1. Loop only per DSSP, at most 12 neighbouring Cβ atoms within 10 Å: give me the trypsin sites (Lys or Arg not before Pro) in the stretch 206-285, ordered by residue number.
2. Could you sort the peptides 216-223, 134-141, 36-43, 123-130 by per-residue average Cβ neighbour count (10 Å cutoff), highest mean leading?
3. In nm, what is the difference between 0.36 nm times the number of residues separating residue 167 and residue 1 and their Cα-Cα distance?
4. Using R₀ = 30 Å, calculate the FRET efficiency as 1/(1 + (r/R₀)^6) where r is the Cβ-Cβ separation of residue 280 and residue 256; round to 0.05.
5. When the solvent-accessible surface of protein heavy atoms is calculated with a 1.4 angstrom probe, in what order do 53, 1 fall, highest first?
6. First measure r as the distance between the Cβ atoms of residue 34 and residue 321, then evaluate 1/(1 + (r/R0)^6) with R0 = 56 Å and state the FRET efficiency to the nearest 0.05.
7. Please give the net charge around residue 213, taking every other residue with its beta carbon less than 10 angstrom from that of residue 213, where Lys and Arg add +1 and Asp and Glu add -1.
8. Near residue 5, within a Cβ-to-Cβ distance under 13 Å, what is the net charge of the other residues, with Lys and Arg +1 and Asp and Glu -1?
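The values are calculated or read from the model by the stated rules, or taken from the named source; none is laboratory data. Predicted model, so just to flag it, every value in this text is computed and none were measured. All Cβ positions, glycine included, derive from the backbone under ideal geometry; neighbour counts span all protein chains shown. With ligands, DNA and RNA removed, areas are computed over all heavy atoms of the protein, side chains included. Shrake-Rupley method; radii C 1.70, N 1.55, O 1.52, S 1.80 Å.
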Amino acid sequence: MLNEAKSFVKTMYRELNYNEDSISKRIYQIEKQINATGTYEHTNEELIYGAKMAWRNSNRCIGRAFWDALTVNDARHIQTENEFIDAIESHIQIATNKGKIKPYITIFSSHHPPQIFNNQLIRYAGYEDVGDPAERKVTQLAEYLGWESKHTHFDILPLIYQMPGDKLKFHNYNPELIKEVPITHEQFPKLKELGLKWYAVPIISSMDLKIGGVTYPTAPFNGWYMVNEIAVRNFTDSYRYNLLETIAEAFEFDTLKNNSFNKDRTLVELNYAVYHSFKNEGVSMVDHLTASKQFERFEKNEQKHGRIVTGKWSWLAPPLSPTLVSNYHHGYKNEIRDPNFFYKKQSSTTGCPFH
Ligand code: ARG
C-alpha cells in the first residue's frame, strides 16, 4: 500500500506543481498512518484528482478527453441509509442535469461502504421473454427481495443495496428522477410504434475505484452515451435486445439477405434515430466520429504533458464504421495504470448473495 501511495502522491503532486518538500511531507504522514492503522485517508484534493486520474487511465473509454471535468462528490462520511439513498438520488439528478449530462462520481467510504448490487444505477430488467437479458440475474435478485415488476421490455430496476451490518434491500426511484428518451426516426414513422426507449445516463455502479493502494468498492460514476452503445450493442446484439430484424421490418426493408446490405443499412438508420431522438429531447450524446476526434485531441494533449496514452483497441474502435476513425489504424498499449476502475471479482463476500 505504501508503495502504491507513494507513486500516486508523487505523480499527482508533480502534475499539480507541488514542490518536492511537500511531497516528502505528505508521504511521511501517509507512512505514519499506514503503520499505525494499516491504511490511510486521502485528502479531499487527492480523492478528487485520483478519481480524475482513474478516468484518464481507463483503457476502454473513448471519452477520456473530458477527464479533468469530472465532478466528484466526496461521500466518504455517509453512514446512514437515508443519507445513502439521498446521495444516490442526487447523483442521478445532478448528473442528468435536465439533459445536459455532467460526468459525475459519488465516492463512499473505503472501509465500511454501503454496497450496491446493480451494474448501473439505472438499468432495464430482464426476464426470460422480455427486457434486457444482461440484467436477468439482478432482476431475479430484485424479485427475490420482493420487488414487483411490470414485466415490460423497459422496467427500471430498483436500487439494490446493503448498509454495513444490515440486510439486503431494494429502493424504487421516484420516476420523475429518471430521464428516458423515446426512439423515433422522422423518415421511418413505424419505428415509433415499436415503443423503444432508453435511459439518458449510464451510471456504472459495479466497479471498484482504486487510488494509491486504497480501494473504494462503492463509487458509481457516469459520462454521457456514445450513440453506438445503445444502437449497435444494446438494441442489436443477439444476446441483448436482439432487435435487428424487428427494426428492419419497421423500416420496411424487404430482405435481410447479406448481399442486400440491409442489415448494415438498418444499423446506420437506427444510430441516426437514437442520436437524433436524444438530441431532440435535449439529452447529451456523442456520435462515434466526433468521439474519436475528441479522443485524438486527448492523445495529443496527453503527449504534450509527457504522458503515454494506454488503451484497449477492441474497445476504442467504435462498432459502427470503425475504419473511418484514426484509432482503428494504430495500436495501443493495454497496460493498466493506477489509479483506475476495476471489475469486481465475484467472491462469496463481495458477490451477489443470492447467486
Ligand atoms: N455500454 C454501457 C451501456 O450501454 C455503458 C458504459 C459506459 N458508457 C459511457 N458512455 N459512459 O449501458
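1. Working: sites: 210, 233, 240, 257, 263, 265, 279; in loops: 240, 257.
Answer by residue number: 257.
2. Values: 216-223: 24.5, 134-141: 19.0, 36-43: 14.5, 123-130: 17.2.
Result, highest mean first: 216-223, 134-141, 123-130, 36-43.
3. Values: separation 166, 0.36 × 166 = 59.76 nm, distance 3.10 nm.
Stretched fully, the residue 167-residue 1 segment lengthens by 56.7 nm.
4. On the way: r = 28 Å, r/R0 = 0.94.
Efficiency, rounded to the nearest 0.05: 0.60.
5. On the way: 53 5, 1 80 Å².
So, going from the largest accessible area down, we get 1, 53.
6. On the way: r = 50 Å, r/R0 = 0.89.
So the FRET efficiency works out to roughly 0.65.
7. Numbers: positive: 6, 210; negative: 4, 338.
Combined, the nearby Lys, Arg, Asp and Glu give 0.
8. Numbers: positive: 6, 10, 26, 32, 210; negative: 4, 31, 41, 46, 338.
Charge balance in the 13 Å sphere: 0.
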